Amino acid sequence: MASVPFELKGKTVYVAGHRGMVGSALVRRLTGEDVELLTATRSEVDLRDQAAVNQWFGARRPQVVFLAAAKVGGIIANDTLRAEFLYDNLAIASNVIHAAQVYGSEKLMFLGSSCIYPRLAPQPLREDSMLTGPLEPTNEPYAIAKIAGIKMVEAYRSQYGADFINVMPTNLYGPGDNYHPEYSHVVAALIRRFHEAKVSGAKNVVVWGTGMPRREFLYVDDLADACIHLMKTYSGTELVNIGTGEDITIAEFARVVAASVGYTSEISFDASRPDGTPRKLLDVSRLAKLGWRAGTALDEGIVLAYHAYLEEKAVQSTRV
Ligand code: GDP
């Protein structure tokens with residue numbers, strides 16, 4: 001098992017999921033490192049296909065792997081596409097982690113999620129609270145697949161001495177997010193809804209749920225920076241949470257988004273929509289001890305994310 005510090009310089013680095021919000025942030029961040037970046041589109045390698053993954057790893061033999069590929073979505077996508085969230089994420093984790101071991105990758109980072117922690121675990125969520133209680137039902141399939149991936153990393157470390165590590169990002173937002181009105185996460189959904197209301201002059205914007213759940217939000221470029229930092233400086237069995245250490249109610253958060261977008265009319269809440277888990281705040285003390293903290297304040301990050309949304313919209317409107 002390799003020790004730390006781990007040198008990225010001069011290595012071939014595979015970002016699995018490079019077209020997603022997290023993967024594309026990792027690619028942006030890795031351009032500042034002296035590495036040879038490897039990526040593969042879905043049509044080149046379907047990560048759910050074990051034979052295709054093995055073939056690709058056999059040909060390219062990446063020295064370093066960031067496993068950021070996953071089927072993701074907001075509370076409704078997770079709750080309705082339950083089979084897809086379980087199958088796709090289990091298959092992706094299983095195929096990529098196994099291939100990294102078989103084809104001799106020196107180091108792998110698996111990105112989990114804060115939803116792997118029990119619904120009612122003490123807050124802030126410590127890494128050792130995984131598997132101490134029942135999960136939030138709306139995203140249980142996703143969480144179970146992520147927990148299986150975490151356990152694979154642990155098992156491959158202990159049985160094969162592989163230098164594989166697990167990190168758990170909190171709720172993320174930023175460029176490359178999915179703005180689907182029904183299936184997106186709350187940040188993208190609200191940026192879009194407040195923007196459209198501002199443009200159309202609507203006098204009310206509806207926010208799902210009671211507004212009372214609390215969430216922590218991390219700007220995705222901060223996440224990428226934390227991942228590179230941990231890849232270089234951390235090796236161990238314990239998970240490492242990645243977050244800001246601060247949370248906010250959905251009602252307060254909606255006001256932050258409205259202010260950033262420039263929407264000034266009413267906000268109402270639709271309690272017939274699910275709240276999901278009441279609170280999801282990560283304990284980031286392990287991360288702090290490892291020498292990293294988030295640099296982007298929430299209001300600053302939301303403005304950056306709103307600009308990214310406007311740019312992505314402009315690009316789309318120029319495509320026929
Ligand atoms: P979660 O953290 O896994 O629950 O993921 P989401 O980002 O989908 O939802 C976070 C919280 O925001 C939940 O309490 C939702 O009910 C609330 N929320 C409010 N409005 C919206 C919306 O338009 N879309 C989504 N996805 N969530 C919303």
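Looking only at residues of the range 25-51 that are touching a residue at least 60 places away in the same chain (Cβ under 8 Å) and open to solvent by 30 Å² or more (accessible area, probe 1.4 Å), we find that the one that is farthest from G174 (Cα to Cα) is E33.
Do you know which residues across the range 281-320 are among the basic types (K, R), assigned to a loop (DSSP other than H, G, I, E, B) and farther than 26 Å from S114 by Cβ? First the steps, then the outcome.
Of the residues in the range 281-320, the ones among the basic types (K, R) are 286, 289, 293, 313, 319.
With assigned to a loop (DSSP other than H, G, I, E, B) added as a condition, the list becomes 293, 319.
The one that is among the basic types (K, R), assigned to a loop (DSSP other than H, G, I, E, B) and farther than 26 Å from S114 by Cβ: R319.
Taken over the range 244-260, residues that are buried (at least 20 other Cβ atoms within 10 Å of the Cβ) and more than 14 Å from the ligand (Cβ to nearest atom) amount to 2. The helices (runs of 4 or more DSSP H) found entirely in the range 20-112 that carry 1 or more residues being of a type outside the set (D, E), within 16 Å of the ligand (Cβ to nearest atom) and modelled with pLDDT under 95 are 75-80.
How about the range 183-214: which of its residues are more than 22 Å from the chain's Cα centre (by Cα) and of a type in the set (A, V, I, L, M)? Answer for the range 183-214, where residues must be more than 22 Å from the chain's Cα centre (by Cα) and of a type in the set (A, V, I, L, M): A197, V199, A202, V205, V206, V207, M212. Restricting I97, I144 to those that are open to solvent by 40 Å² or more (accessible area, probe 1.4 Å), out of contact with any strand residue (DSSP E or B) (no Cβ under 6 Å at 6 or more places or on another chain), β-branched (V, I, T) and touching a residue at least 12 places away in the same chain (Cβ under 8 Å) reduces the list to I144. Select from the range 224-279 the residues that are among the charged types (D, E, K, R), in contact with a Pro (Cβ under 8 Å, 6 or more places away or on another chain) and not in a loop (DSSP other than H, G, I, E, B) and write down the one among them that is modelled with the highest pLDDT. Step by step, filter the range 224-279, then rank; the result is K232.
The residue of the range 261-312 that is least open to solvent (accessible area, probe 1.4 Å), among those that are more than 11 Å from the ligand (Cβ to nearest atom) and of a type in the set (K, R), is R286. Considering the range 169-214, and only residues there that are near the ligand (Cβ under 9 Å from one of its atoms) and aliphatic (A, V, I, L, M), the residue that is nearest to E312 (Cα to Cα) turns out to be A188. Only residues that are in a loop (DSSP other than H, G, I, E, B) and touching a helix residue (DSSP H, G or I) at 6+ places or on another chain (Cβ under 7 Å) were counted across the range 3-19, and they come to 6.
Within the range 122-141, the set of residues being within 15 Å of the ligand (Cβ to nearest atom), crowded, with 17+ Cβ neighbours inside 10 Å and assigned to a helix (DSSP H, G or I) comprises T138, N139, E140, P141. Are any of the residues in the range 232-243 under 22 Å from Y156 (Cα atoms) and acidic (D, E)? Checking the range 232-243: at least one residue is under 22 Å from Y156 (Cα atoms) and acidic (D, E).
The values are calculated or read from the model by the stated rules, or taken from the named source; none is laboratory data. Small disclaimer: the values here were computed from a predicted structure and weren't measured. Neighbour counts run over all protein chains shown; Cβ positions are idealised from the backbone, glycine included. Keep in mind that these areas ignore ligands, DNA and RNA; they rest on the heavy atoms of the full protein, side chains included. Shrake-Rupley method; radii C 1.70, N 1.55, O 1.52, S 1.80 Å.
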